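The structure appears right after this line, and notes come after that.
The values are calculated or read from the model by the stated rules, or taken from the named source; none is laboratory data. Since the model is a prediction, treat every value here as computed from it, not as a measurement. Note that we place each Cβ from the backbone using ideal geometry, even for glycine, and neighbour counts take in every protein chain shown.
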Ligand code: FES
């Protein structure tokens with residue numbers, strides 16, 4: 001299977017792989033087929049994501065997509081972050097093998113779940 005250099009880099013050196021203890025929003029999503037799990041933590045200030053991190057129990061592509069989505073989303077407004085698609089994550093990684101595209105779903109869905117959690121708490 002061919003992985004891009006970016007995928008290999010984010011897998012080998014994941015960015016923002018940690019828990020944010022006082023997160024404003026937390027989202028956990030899982031893939032029922034493979035059993036992989038991903039949790040995304042966000043800190044929000046003035047409607048902007050000021051910090052974001054992840055913890056992923058999953059395949060290399062899931063780790064790379066989690067790492068990449070933290071880089072894409074930091075500094076974005078909530079609305080901009082909600083518009084990040086599964087394909088955006090894969091594109092930023094210079095693509096994923098077709099059989100691994102579902103792994104990027106986890107990252108985009110995890111971010112959305114963290115934002116929904118934040119919005120619920122701040123209604
Ligand atoms: Fe489960 Fe990649 S194989 S997320």
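Residue 117 meets each of the listed conditions (1) surrounded by fewer than 18 Cβ atoms within 10 Å (Cβ to Cβ); (2) in a helix (DSSP H, G or I) apart from (1). Exactly one residue among 111, 96 is within 17 Å of residue 3 (Cβ to Cβ), surrounded by 18 or more Cβ atoms within 10 Å (Cβ to Cβ), touching a residue at least 60 places away in the same chain (Cβ under 8 Å) and within 16 Å of the ligand (Cβ to nearest atom), and that residue is 96.
Could you check segment 41-54 and list, in sequence order, the residues that are away from the ligand (no atom under 14 Å from the Cβ) and surrounded by 13 or more Cβ atoms within 10 Å (Cβ to Cβ)? Answer for segment 41-54, where residues must be away from the ligand (no atom under 14 Å from the Cβ) and surrounded by 13 or more Cβ atoms within 10 Å (Cβ to Cβ): 41, 42, 43, 44, 48, 49, 51, 52, 53. As a summary of the residue check, residue 44 satisfies the conditions (1) within 15 Å of the chain's Cα centre (by Cα); (2) in a strand (DSSP E or B) except for the one numbered (1). Taken over segment 55-82, the residue count meeting the criterion of being within 13 Å of the ligand (Cβ to nearest atom) and part of a strand (DSSP E or B) is 2. In this structure, residue 58 does not satisfy being surrounded by fewer than 17 Cβ atoms within 10 Å (Cβ to Cβ) and at pLDDT below 95. Only one of the numbered conditions (1) within 16 Å of residue 7 (Cβ to Cβ); (2) part of a loop (DSSP other than H, G, I, E, B); (3) away from the ligand (no atom under 16 Å from the Cβ) is not met by residue 23, and that is (1).
Here residue 32 meets each of (1) under 23 Å from residue 22 (Cβ atoms); (2) part of a loop (DSSP other than H, G, I, E, B); (3) within 15 Å of the ligand (Cβ to nearest atom) with one exception, condition (1).
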